[in-house]
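Peer 1: Below is one structure. I have some questions about it.
The values are calculated or read from the model by the stated rules, or taken from the named source; none is laboratory data. The structure presented is a predicted model; accordingly, all values stated were derived computationally and were not measured. Positions of Cβ are backbone-derived with ideal geometry, glycine not excepted, and every protein chain shown enters the neighbour counts. Note: areas computed on protein heavy atoms with side chains; ligands, DNA, RNA excluded. Shrake-Rupley method; radii C 1.70, N 1.55, O 1.52, S 1.80 Å.
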Amino acid sequence: MMTRQQLEQHYQSLWLQSLQKFEQQQFDTDPLLTATNDSRYGVTLLARPSEQVKQQIQQHLAELMLLESAQYYYPASDLHLTILSLISCYAGFTLSQIDTAAYVELVEEVLADAAPFRLHFRGITASPSCVLVQGFFDGQELNQLRAKLRSAFGLSTLQHSIDQRYVIQTAHMTVLRFTQQPANPALFLQKLKAFTSVDFGSCVIDQLELVGNDWYQRQQKTVLIKSLRLG
């Protein structure tokens with residue numbers, strides 16, 4: 001379970017590794033962003049930031065859009081924090097293949113004694129393929145919630161692929177993906193560096209969404225299975 005200090009170090013490490021690639025004009029682009037036949041689908045338990053946080057993020061993304069309009073920017077409707085990816089997206093999966101009511105029942109059992117938690121969104125980090133807003137938590141509520149969910153699904157017979165891609169420990173939100181090499185990488189990087197200390201605000205997370213989703217969490221492909229309250 002990551003502490004706040006470990007979270008800071010993790011984000012900083014990601015940023016420095018990605019910045020090194022960006023400065024060599026190595027941006028990992030995603031060819032499937034514009035694909036019409038992308039059938040990857042999955043199930044996620046996620047949280048949405050407050051409207052104020054969304055607004056702050058969108059205002060700053062607008063500045064990047066002026067420089068690099070061709071990149072993929074997450075609209076406010078798609079901004080999310082992944083609590084846990086229950087079924088990681090894979091080609092050909094559909095919600096009709098699972099008993100969604102059983103997933104709701106199991107998640108509700110875990111959430112019954114889970115406390116709401118506050119997230120603070122400050123600064124950005126990156127991977128070679130995307131830009132992320134950094135999320136921080138002071139207590140251990142999010143870590144404990146994830147641990148309980150992992151345990152519950154581990155003991156169940158429900159299909160899941162929790163932690164198979166990677167073990168999620170952070171509270172970041174993806175806000176930009178690269179569709180092509182930036183037209184003016186120097187200017188783009190200058191703007192990105194200015195965002196590393198921006199305060200996007202904080203909010204209390206007291207409600208989660210269990211959803212069916214595509215790889216990019218696009219609203220038009222998201223199916224809300226159930227809205228669930230914490231505690």
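Peer 1: Just to verify a number: FRET efficiency for Ser129 and Glu105, C-beta to C-beta distance, R0 = 45 Å, to 0.05?
Peer 2: Working: r = 36 Å, r/R0 = 0.80.
That gives a FRET efficiency of 0.80.
Peer 1: Distance cut-off 23 Å, Cα to Cα: go down the list Lys193/Lys221; Lys54/Lys148; Lys191/Lys221; Lys54/Lys191; Lys148/Lys221 and report the pairs above it.
Peer 2: Working: Lys193/Lys221 33 Å; Lys54/Lys148 28 Å; Lys191/Lys221 31 Å; Lys54/Lys191 19 Å; Lys148/Lys221 28 Å.
As for pairs spanning more than 23 Å Cα to Cα, those are Lys193/Lys221; Lys54/Lys148; Lys191/Lys221; Lys148/Lys221.
Peer 1: Net charge around Pro128, counting only other residues with Cβ within less than 15 Å of its Cβ (Lys, Arg = +1; Asp, Glu = -1)? List each step's numbers first, then the result.
Peer 2: Numbers: positive: Lys21, Arg177; negative: Glu23, Asp28, Asp30.
Charge balance in the 15 Å sphere: -1.
Peer 1: In straight Cα distance, which aspartates and glutamates are under 19 Å from Lys21, not counting same-chain residues fewer than 8 positions off?
Peer 2: Leaving aside aspartates and glutamates fewer than 8 places away in the same chain, those within reach of Lys21 are Asp30, Glu68.
Peer 1: Right, something else. What is the packing order of peptides 70-79, 149-158, taking the mean over residues of other C-beta atoms within 10 Å and listing the highest first? Write out the running numbers ahead of the final one.
Peer 2: On the way: 70-79: 17.0, 149-158: 13.9.
In descending order of packing, they fall as 70-79, 149-158.
Peer 1: Same structure again: May I ask you to compute the full-extension gain from Gln181 to Ser161, defined as 0.36 nm times their residue separation minus their alpha-carbon distance, rounded to one decimal in nm?
Peer 2: 4.0 nm
Peer 1: On the accessible surface of segment 110-231, probed at 1.4 Å, how many percent belong to carbon and sulfur atoms? Before the final figure, lay out the partial values.
Peer 2: Values: 2640 of 5340 Å².
Of all accessible area on segment 110-231, carbon and sulfur atoms account for 49 percent.
Peer 1: Could you check the simple spin-label distance between Met2 and Gln25, using points 7 Å along Cα→Cβ, in nm with one decimal?
Peer 2: 3.2
Peer 1: What length, rounded to one decimal in nm, is gained on full extension from Gln58 through to Lys193, with 0.36 nm per residue of separation minus their alpha-carbon distance?
Peer 2: 46.9 nm
Peer 1: Would you compute, for the Cα atoms of segment 164-231, the largest minus smallest coordinate along each principal axis and list the three values in descending order, in whole Å?
Peer 2: Here the Cα extents, ordered largest to smallest, are 46, 27, 26 Å.
Peer 1: Can you tell me the dipole magnitude for segment 174-231 around its Cα centre, using point charges on the Cβ only (Lys, Arg +1; Asp, Glu -1), in Debye to the nearest 20? Kindly include the intermediate steps, with their values, before the conclusion.
Peer 2: Details: 7 positive and 4 negative charges, 33 e Å.
Value, rounded to 20: 160 debye.
Peer 1: Right, here's the next one. Per-residue ellipticity at 222 nm for the chain, helices alone: DSSP H runs ≥ 4 residues times -39500 (n - 2.57), over residue total, nearest 500 deg cm²/dmol? Can you show the working numbers first?
Peer 2: Numbers: 5 runs with 74 residues, N = 231.
For the chain, the value works out to -10500 deg cm²/dmol.
Peer 1: Can you give the local net charge around Arg177? Use residues other than it whose beta-carbon is closer than 12 angstrom to its beta-carbon, Lys and Arg +1, Asp and Glu -1. Mind showing how you got there, number by number?
Peer 2: Details: positive: Arg218; negative: Asp28, Asp30, Glu68, Asp78.
Summing Lys and Arg as +1 and Asp and Glu as -1 gives -3.
Peer 1: With a probe of 1.4 Å, find how much accessible area the chain has per residue, and write the answer as a whole number in Å². Could the numbers behind the result be given before it?
Peer 2: Numbers: 10870 Å² over 231 residues.
Heavy-atom accessible area per residue stands at 47 Å².
Peer 1: Okay, next question. So for the chain, taking the charge dipole from beta-carbon charges (+1 Lys/Arg, -1 Asp/Glu), which of Gln144, Val167, Gln134 sits furthest toward the positive end?
Peer 2: About the Cα centre, the residue reaching furthest to the positive side is Gln134.
Peer 1: Let me ask something additional. How compact is the chain by the rule of thumb for globular proteins, expressed as Cα Rg over 2.2 N^0.38 Å?
Peer 2: On the way: Rg = 17.7 Å, N = 231, 2.2 N^0.38 = 17.4 Å.
Here the answer is 1.01, to two decimals.
Peer 1: Picking from Asp206, Asp113, Asp214, which is most flexible by a Gaussian network model of the chain using Cα springs under 10 Å?
Peer 2: Asp113
Peer 1: Given +1 on the Cβ of Lys and Arg, -1 on the Cβ of Asp and Glu, and no further charges, what dipole in debye does the chain carry about its Cα centre, rounded to the nearest 20? Before the final figure, lay out each step's value.
Peer 2: Numbers: 18 positive and 21 negative charges, 50 e Å.
Charge dipole of the chain: 240 debye, to the nearest 20.
Peer 1: In the chain, if the dipole is taken from +1 on Lys/Arg beta carbons and -1 on Asp/Glu beta carbons about the Cα centre, which of Phe200, Thr125, Gln190 is farthest to the positive end?
Peer 2: Farthest towards the positive pole: Gln190.
Peer 1: About its Cα centre, how strong a charge dipole does segment 1-54 have in debye, to the nearest 20, once Lys and Arg get +1 and Asp and Glu get -1 at the Cβ? Walk me through the numbers on the way to the answer.
Peer 2: Values: 5 positive and 6 negative charges, 41 e Å.
Around 200 debye, computed over segment 1-54.
Peer 1: Using +1 at the C-beta of Lys and Arg and -1 at the C-beta of Asp and Glu, which of Met1, Ala112, Leu46 has the Cα lying farthest in the positive direction of the dipole of segment 1-122?
Peer 2: Met1
Peer 1: Still on this structure: Between Thr34 and Asp138, what length in nm is gained on full extension when 0.36 nm per residue of separation is reduced by their alpha carbon distance? Don't skip to the answer; put the middle values down first.
Peer 2: Details: separation 104, 0.36 × 104 = 37.44 nm, distance 3.78 nm.
Extra length available between Thr34 and Asp138 comes to 33.7 nm.
Peer 1: Still on this structure, please answer the following. Does segment 79-147 classify as rounded, prolate or oblate by the C-alpha gyration tensor (a ≥ b ≥ c root eigenvalues; a/c under 1.5 gives rounded; else a/b over b/c gives prolate, otherwise oblate)?
Peer 2: Values: a/c = 3.38, a/b = 1.23, b/c = 2.76.
Oblate, because a/c is 1.5 or more while a/b does not exceed b/c.
Peer 1: Please state the relative contact order of the chain as a whole percent: Cα pairs under 8 Å, 6+ residues apart?
Peer 2: Numbers: 413 pairs, mean separation 78.7, N = 231.
Averaging sequence separation for qualifying contacts and normalising by length gives 34 percent for the chain.
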